[in-house]
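Structure record follows, encoded as structure tokens.
Read-outs: derived from the displayed coordinates by stated rules, not from any lab. Small disclaimer: the values here were computed from a predicted structure and weren't measured. Glycine also receives a Cβ, built like all others from the backbone with ideal geometry; neighbour counts cover every protein chain displayed.
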Amino acid sequence: MATTSLETKRASTARRAPSPPERWPFGHLGELKKDPIGLLLKARSAHGDIVRLKFWAMTAHLLSHPDFIQHVLQRKQTAYDKDLMPLRRLYPVLGQGMVTADGEIWQRQRDVARPAFHQREIQSFGPAITSTAEALVDRWKRLAASAEPIDVHQEMMHVALNIAGRALFGVDLKQEAIEASRVLNVIMEAGQRRVRNMVALPMIIPTSTNRQISRSRRALEKMIDRMIDQRLADTSDDHKRGVPDLFTRLLTEHDALEASRRSTQFYDEAITLLLAGHETTASALVFSLHLLGRHPRVMGMLREEARAVLGGRAAAIEDLPRLPFTRMVIDESLRLYPPAWIMDRNAVDDDEIGGYPIAKGSLLLMSPYVMHRHPAYWPDPERFDPRRFEKDEATKRPRHVYFPFSLGPRVCIGASFALTEAVMVLATLAAHVDVRLVDGHVLQLDPSITLRPKNGLPMFVRPLQYD
Ligand code: HEM
């Protein structure tokens, strides 16, 4: 017997994934804007590993099961792309760089950049990381004399940008790192407003956000021009030997050595790499310092390892195998505060996940922040415990319950670089300075494009006595 349209409707409703109560007409959009992390955590804990959410006319599914996440990001990745409204709204900021692009434009960029991130190349970044970490320790020792707290978020952004400049682009940003970091921050925040606002007006309409984006984008393009000039003026042979570095690859690919040939796409790619190459690593270091400030016993263990391996010097890349605890601290910090706290994808076709239909054009949300706190995989999930990442412990968990760098073909291209940098900088700091939280300061999260501390993170630093 043929089913009536009412029966069909009932059947499809019954097959809908569970959903928190929604408000007409915007569904869960109000909660998403007010407290996105709270909404997602509550949705998972009340409704399970697949939850349907409604953002005005858009249907989304939050996935919190390792198989579902692997399905979207890896196994069936061609059925899910990044043609997403929030990313389209970021085009004036990042254009079609590697993070936002899809298809052939993305593939070409990934192919061009890949060799610059091979393990062998990352080894060659060692001296840049060591000397930047060394300079940071000297600076903090000087700042400690004033007995005022310092904003470790800003400090880490400068350090990570300096390292990205030297390691990936072969240029020394020096003092320009401070201004560059400010402009990158302005453009990220303005980009975030474009993503969050109900309506994003076209760039030709001079709203204050649009003007800020245009101004910052021009400043960044000029900065990249200066970086090229610096490279051209550099007569040392360093970046002409061996495998060409990332900047050389980008310049050659776009034939961009001459100013007249530089295209919007070239700047899109360079700005994306500069932003992606420092912002997240800086956040990973800031959250690690915050957690260490709250857990002096772990700080003590970290210091013991760092002192035993480094003595009074800064970490070199060869020290990495002897810094396993430092790496566990970083891993655990990336669990609790993953800088890329959410990933989204667009369903290119109809599909089914966990027995529920996924309609073409709907949104899939995968949040490392939520998944890394899933009590089925992480006992006492809020507890900071680096020992979770001891080899024996880590192998007890299913793969893909931990994915701070994503997985599949669009896994972070800079993951090894980021981990190398974070471990080296953290070990160097632990060996030389003590950090303490400011009494009464409460960490507030700013879950924008990336996760960062709201209003910075003030901490007291003190040189260690035995220095
Ligand atoms: C702790 C630091 C970092 C974290 C947590 C992180 C995390 C991620 C994640 C989760 C993605 C995937 C996003 C998605 O699929 O929607 C990604 C992509 C990307 N990351 Fe990272 N990242 C970090 C550091 C870096 C560094 C140092 C670079 C160096 C340039 C970098 C460059 C990129 C690029 C270019 C992509 C796009 C890759 C693609 O789509 O093919 N990241 N990152």
Notebook entry, point to check: Looking at the square roots a ≥ b ≥ c of the eigenvalues of the Cα gyration tensor of the stretch 136-289, which shape do they give, rounded for a/c under 1.5, prolate if a/b is larger than b/c, or oblate?
Noted result: oblate
Next item on the list: Would you please name the chymotrypsin sites (Phe, Trp or Tyr not before Pro) within the stretch 373-467 that are DSSP coil residues with at most 12 other C-beta atoms within 10 Å of their C-beta?
Entry: Tyr466
Note to self: Which one, Ile163, Gly355, Pro18, is farthest towards the positive end of the dipole of the chain when Lys and Arg carry +1 and Asp and Glu -1 on their Cβ?
What the structure shows: Pro18
Note to self: As an exercise, identify the GluC sites (Glu not before Pro) in the stretch 244-277 lying in DSSP coil whose Cβ has no more than 15 other Cβ atoms within 10 Å.
What the structure shows: Glu258
Item checked: Those lysines that a straight Cα-Cα span of less than 23 Å connects to Lys174, excepting residues fewer than 8 apart in one chain -> Lys141, Lys222, Lys240
Notebook entry, point to check: Residue separation times 0.36 nm, minus the C-alpha to C-alpha distance between Asp234 and Arg261: what's the value?
Noted result: 7.6 nm
Check: Label point 7 Å out from Lys141 along Cα-to-Cβ: which residues of the stretch 309-323 have amide N under 14 Å?
Finding: 311-315
Next item on the list: Only Lys, Arg, Asp and Glu count, each charged at its Cβ (+1, +1, -1, -1), so figure out the dipole size of the stretch 375-418 about its Cα centre, rounded to 20 debye.
Entry: 200
Note to self: Classify the stretch 284-327 from the C-alpha gyration tensor, please: rounded if a/c falls under 1.5, else prolate or oblate depending on whether a/b exceeds b/c.
What the structure shows: prolate
Margin query: Give the lysines whose C-alpha is closer than 16 Å to that of Lys33, dropping any in the same chain fewer than 8 places away, or say none.
Written below: Lys42, Lys54, Lys454
Item checked: Dipole magnitude (debye, nearest 20) for the chain, charges at Cβ of Lys, Arg, Asp, Glu -> 1140
Check: Dipole size in debye (nearest 20) for the stretch 147-258 around its Cα centre, Lys and Arg Cβ +1, Asp and Glu Cβ -1?
Finding: 600
Margin query: Can you compute log10 of I(q)/I(0) for the chain with the Debye formula, treating each Cα as one identical point scatterer, at q = 0.05 Å⁻¹?
Written below: -0.19
Notebook entry, point to check: Hey, with R₀ at 41 Å, roughly what FRET efficiency would Asp81 and Thr395 work out to, going by the Cβ-Cβ distance, to 0.05?
Noted result: 0.80
Checklist line | Using alpha-carbon coordinates, inclination of helix 208-233 to the longest axis of the chain, degrees | finding: 40
Note to self: Can you compute the modelled spin-label distance between Arg196 and Asp349, with each label point 7 Å from Cα toward Cβ, in nm?
What the structure shows: 3.8
Check: Rounded, prolate or oblate: which fits the stretch 359-467, taking a ≥ b ≥ c as square roots of the Cα gyration tensor eigenvalues, rounded meaning a/c under 1.5, else prolate when a/b beats b/c?
Finding: prolate
Item checked: Extension gain, Ala57 back to Lys222 (0.36 nm per residue minus Cα-Cα distance, nm) -> 55.4 nm
Next item on the list: On a C-alpha basis, how far is the centre of the stretch 186-232 from the centre of the stretch 270-341 in Å? Whole number, if you could?
Entry: 30
Next item on the list: Please figure out what share of the DSSP beta bridges in the chain is antiparallel and state it in percent, rounded to the nearest 5.
Entry: 85
Notebook entry, point to check: In deg cm²/dmol, rounded to 500, what helix-only [θ] at 222 nm does the chain give when every DSSP H run of at least 4 residues adds -39500 (n - 2.57) and the total is split over its residues?
Noted result: -15500 deg cm²/dmol
